[in-house]
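Worksheet for the structure shown next.
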Amino acid sequence: MEIHHDLECVCWDFDIPICHLFAGLPAPTVAGSLRDFLWERNLDQKEDLIDNDPHSIFRRGKNFSSTHRDAYFELEALLTQKECEAAEISTLTPHVQDVIIALHANGIKQAIVTNNSPKAVQIYLANKNLTKYFYGYIVGREGPYPELLKPNPFMLLKAIDLLEVSPTRTLMIGDSPTDYLASKSANTRFLGFTRTPSKCALLHEAGAKAVVSTYKPWLQLLYL
């Protein structure tokens, strides 16, 4: 891991790179709430909703968005509510707070680019006293528009534009292939972060070259 001398900005994914969002309120529990919402309204079949990933179920809502638009907005609002509840009790990724502070001390701008709700991010940052390091640069899911989420580079490019930095001097840190693909489309640098071997393999398969499981080496470089 190295720190490029010309790095202007770091754009963080939220869940895993910064915190374990669903550590206290497990993702399968949140997914269950979304499934119940759909089943109660006969908007999907039970046998078709076996996924325990809340965002996968949310994306399925696109199938009925044209015929049940209000229900899709309600589904996204429910997901936001659960993410905010999760953010209140989520756990910090080891060493990330020190990295965020060190980047700030080195004059490197920072933003959060996430498929989660910005409201959940704001709650988390406030609880951990990290808000001041991002100056409000949080770009996340705004309503039921899954087509704008990563791997679409839309949000990453929006953050780059807001920060007035060069894509080629921006580093995206993410834990999934969707993060890498958004980074590739936006022409930024990319660092994969995951503590799960299976997710590490998926990142490499997608094309990511640099993937780490700890921030400690980077932290040491930042404090040189």
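The values are calculated or read from the model by the stated rules, or taken from the named source; none is laboratory data. As the structure is a computational prediction, the values presented were derived from the model and not from experiment. In this analysis, Cβ positions are derived from the backbone assuming ideal geometry, glycine residues included, and neighbour counts consider all displayed protein chains.
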Problem set entry | Conditions (1) at pLDDT 95 or above; (2) of a type in the set (Asp, Glu); (3) out of contact with any Phe, Trp or Tyr (no Cβ under 7 Å at 6 or more places or on another chain): number failed by GLU2 | (1)
Exercise. Could we say that THR188 is at pLDDT 95 or above and either on the phi > 0 side of the Ramachandran plot or β-branched (Val, Ile, Thr) (or both) here?
Worked result: yes
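Restricting the search to segment 196-210, which residues are in a loop (DSSP other than H, G, I, E, B) and farther than 18 Å from ASP53 by Cβ?
The first filter runs over segment 196-210 and keeps only residues in a loop (DSSP other than H, G, I, E, B), leaving 196, 207-210.
Answer for segment 196-210, where residues must be in a loop (DSSP other than H, G, I, E, B) and farther than 18 Å from ASP53 by Cβ: GLY207, ALA208, LYS209, ALA210.
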For this session: Say whether the condition of being exposed (fewer than 15 other Cβ atoms within 10 Å of the Cβ) and either in the same structural domain as LEU162 (by TED's automatic domain parsing) or aromatic (Phe, Trp, Tyr) (or both) is met by at least one residue in segment 114-124.
Result: no
Exercise. Does segment 128-141 hold any residues that are under 16 Å from the mean Cα position of the chain (by Cα) and modelled with pLDDT under 95, and which are they?
Worked result: GLY136
